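We did not get these values from a lab; they are worked out from the coordinates using the rules stated. Model, not experiment: these values are computed from the prediction. So basically every Cβ, Gly included, is an ideal-geometry build from the backbone, and we count neighbours across all protein chains shown.
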Amino acid sequence: MAKSAEVKLAVFGRAGVGKSALVVRFLTKRFIWEYDPTLESTYRHQASIDDELVSMEILDTAGQEDMLQREGHIRWGDGFVVVYDITDRGSFEDVVPLKSLLEEAKKPKSATLVLVGNKADLEHARQVSTEEGERLAAELSCAFYECSACTGEGCVSEPFLELCREVRRRRAVQ
Ligand code: GDP
Ligand code: MG
């Protein structure tokens, strides 16, 4: 196997959308109900992606940092998992301004991201349709996933793996 590539991923989204739950589900295949919502954590993880070893650093942001901290996170990250909660329309409406922030901070390059609609197990409380998520992702030119950190449905790993692939594809053409 070729030597490992380093990819830094930051997870963004309003507090409560399930960022920590998604990261922990991806890393441990488990769901834990409660996390300190103010806690920011960094994890290291290695995965073989398309026959290449990738070393990921994953920053699980708290979602309530000030502008300066947020800009620091954006500069740090190679790619961004942007999460909303399908049962919280406000968290979906946060995505467009967040994308503008990412683009502004990454100039002259463009920001690399994937969009994730979490809590897909809560169908009865859904406020954002799958089609709306797909449409927004098409507008933002990024991949889109709906999943549940709680049940593991919708393949929680895929957004992280695809984001690594996209970061690496973009590096290859630079
Ligand atoms: P964060 O603030 O974005 O990191 O959100 P957390 O990961 O702390 O999750 C916030 C709350 O949503 C917690 O009570 C979680 O148990 C719950 N939660 C997270 N993901 C899911 C999910 O996929 N389905 C359901 N039903 N609850 C979830
Ligand atoms: Mg959290």
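Listed values, structure above:
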{"item": "Projected area, mean over directions - the range 46-139, Cα convex hull, nm²", "result": "7.5 nm²"}
{"item": "Residue-averaged [θ]222 nm for the chain, counting only DSSP H segments that reach four residues, each worth -39500 (n - 2.57)", "result": "-11000 deg cm²/dmol"}
{"item": "Rough spin-label spacing in nm, given labels placed 7 Å along Cα→Cβ, for Leu101 and Arg170", "result": "1.7 nm"}
{"item": "When the range 1-112 is reduced to its Cα atoms, the Kirkwood hydrodynamic radius in Å", "result": "14.9 Å"}
{"item": "Order of Arg14, Arg75 - criterion: other Cβ atoms within 10 Å of each residue's Cβ, fewest first", "result": "Arg75, Arg14"}
{"item": "Relative contact order %, the range 7-121, counting alpha carbon pairs below 8 Å whose residues are six or more apart", "result": "34 percent"}
{"item": "FRET efficiency, 1/(1 + (r/R0)^6) with R0 30 Å, evaluated for Phe31 and Ser55 via beta carbons", "result": "0.75"}
{"item": "Separation of the Glu139 and Gln69 label points, Cα + 7 Å toward Cβ, nm", "result": "2.8 nm"}
{"item": "Cross-link pairs beyond the 21 Å C-alpha cut-off, checked among Lys19/Lys119; Lys29/Lys99; Lys8/Lys119", "result": "Lys29/Lys99; Lys8/Lys119"}
{"item": "Distance between modelled label sites at Thr151 and Trp76, nm, 7 Å Cα→Cβ extension", "result": "3.4 nm"}
{"item": "Principal axis box of the range 105-174, alpha-carbon based, largest edge first, Å", "result": "44, 22, 18"}
